[in-house]
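Handing you a structure now.
The values are calculated or read from the model by the stated rules, or taken from the named source; none is laboratory data. Predicted, not measured: the structure shown is a model, and the values here were computed from it. No Cβ is skipped: glycine too gets one built from the backbone with ideal geometry, and neighbour counts run over all protein chains shown. Heavy atoms of the whole protein, side chains included, go into the accessibility calculation; ligands, DNA and RNA do not. Shrake-Rupley method; radii C 1.70, N 1.55, O 1.52, S 1.80 Å.
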Amino acid sequence: MTIESPGCSWTQKDRPSGHGKEGLDVQNIDKATVEGFGEEWAAFDQTAMSNDEWQHHFDGYFSLLDFSRLPAKAEGFDLGCGSGRWAAGVVPKVGKLHCIDPAAAALDVARRRLKDSTNVQFHLADAAAIPLADGSQDFGYSLGVLHHIPDTAQALRDAVTKLKPGAPFLTYLYYAFDQRPAWFRATWKASDTVRRGISKLPIGPRKAITSIIAATVYWPAAKVATVVDRLGGNVDAIPLSSYRKYSFYTMRTDALDRFGTRLEQRFTKAQIQAMMEAAGLEDVRFRDGVPYWVAIGTKKRA
């Protein structure tokens, strides 16, 4: 079914699944996680974020992707588009963008945000059933998504399949604290136990509890990092120090994202590089800085 709206169309599949080469039913989603993200983007649609803060985030994620090197009227895809917050910055730079997400609630938010864009098509689908022809896309990206998919490596392979040879693919995957000290990793492990409990709650209490975490953990840590930074100290070792540059709105959003999500996986830089190369990407490069790890590669030419 295709739902038309001003400037865009929405291709809706009966369910977020696909079929492999052998004709067997394939699914690579965690349904509770997908539903949770739909609820998250409905709760925090990102429109309350200031333009300056949004630009800061956008530049951080997309610094490795040179849009000027893409073909004229380039066509590409946003896998796991969520609220459409990144698509909003990409759409003016390209010829056509396919926004793909398995959560109908998330696509509703993205459609509202991009309602005035004439070069967007929305697809209710998951990584195993991307409704685009193989080898058809000039670029692709998936930011903060693939680590929430059960088989991250397979999802990456499925995405790269849609690219033309030589086309870039940009991704952001949660890091495994590979460059952090043992105490830092232990702190995360304790917080992950908390996440496993909170993520099972309904959206109401989940949102309330994570907002409290934002106020009592994220905000104080950000303020401490701000003071240390102003005194000329090194803030890299302070957990959540990057939030000294962010609004409380972002802290609430990210706390819900971090503690309210059922499935979360983390990877080292070496693991990400290996997955990208196994998926058919070459010339893999990483962004040096927060957020970790943002990486880009180009699809191998035959």
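Output the strands (runs of 3 or more DSSP E) that fall wholly within region 18-125 and possess 3 or more residues being in contact with a Gly (Cβ under 8 Å, 6 or more places away or on another chain), or say none.
Ranges flagged: 75-79, 96-101.
Table: residues versus (1) among the aliphatic types (A, V, I, L, M); (2) closer than 19 Å to residue 180 by Cα; (3) buried (at least 19 other Cβ atoms within 10 Å of the Cβ).
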position	(1), (2), (3)
214	yes, no, yes
220	no, no, no
223	no, no, no
226	no, no, no
230	no, no, no
234	no, yes, no
237	yes, yes, no
245	no, no, no
251	yes, no, yes
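Mind checking which pairs have a first residue in region 126-140 that is aromatic (Phe, Trp, Tyr) and a second that is part of a strand (DSSP E or B) and surrounded by 20 or more Cβ atoms within 10 Å (Cβ to Cβ), Cβ under 7 Å, 6 or more apart or different chains?
Hits for this filter: 139/76; 139/168.
In addition: Taking the stated definitions as given, is residue 270 out of contact with any helix residue (DSSP H, G or I) (no Cβ under 9 Å at 6 or more places or on another chain), of a type in the set (A, V, I, L, M, F, W, C) and closer than 28 Å to residue 65 by Cβ?
So residue 270 fits the description; yes.
Let me ask you something else. I'm checking my understanding of the structure. Among residues of region 258-272 that are assigned to a helix (DSSP H, G or I) and either of a type in the set (Lys, Arg) or at pLDDT below 95 (or both), which one is least open to solvent (accessible area, probe 1.4 Å)?
Among residues in region 258-272 that are assigned to a helix (DSSP H, G or I) and either of a type in the set (Lys, Arg) or at pLDDT below 95 (or both), the one least open to solvent (accessible area, probe 1.4 Å) is 258.
Exactly one condition in (1) out of contact with any Pro (no Cβ under 9 Å at 6 or more places or on another chain); (2) within 19 Å of residue 280 (Cβ to Cβ); (3) surrounded by fewer than 15 Cβ atoms within 10 Å (Cβ to Cβ) is false for residue 185; which is it?
Going through (1) out of contact with any Pro (no Cβ under 9 Å at 6 or more places or on another chain); (2) within 19 Å of residue 280 (Cβ to Cβ); (3) surrounded by fewer than 15 Cβ atoms within 10 Å (Cβ to Cβ) one by one, residue 185 breaks only (2).
Considering region 274-288 alone, what residues qualify as being in contact with a Leu (Cβ under 7 Å, 6 or more places away or on another chain), under 13 Å from residue 298 (Cα atoms) and open to solvent by 40 Å² or more (accessible area, probe 1.4 Å)?
Listed by number, the list holds a single entry, 285.
Give me the pairs: first residue in region 38-66 and touching a residue at least 12 places away in the same chain (Cβ under 8 Å), second residue loosely packed, with under 14 Cβ neighbours inside 10 Å, beta-carbon distance under 6 Å, and six or more apart or on different chains, which are they?
none
Considering only region 128-136, I want to know if a residue exists there that is within 17 Å of residue 272 (Cα to Cα), open to solvent by less than 30 Å² (accessible area, probe 1.4 Å) and part of a loop (DSSP other than H, G, I, E, B).
No, region 128-136 contains no residue that is within 17 Å of residue 272 (Cα to Cα), open to solvent by less than 30 Å² (accessible area, probe 1.4 Å) and part of a loop (DSSP other than H, G, I, E, B).
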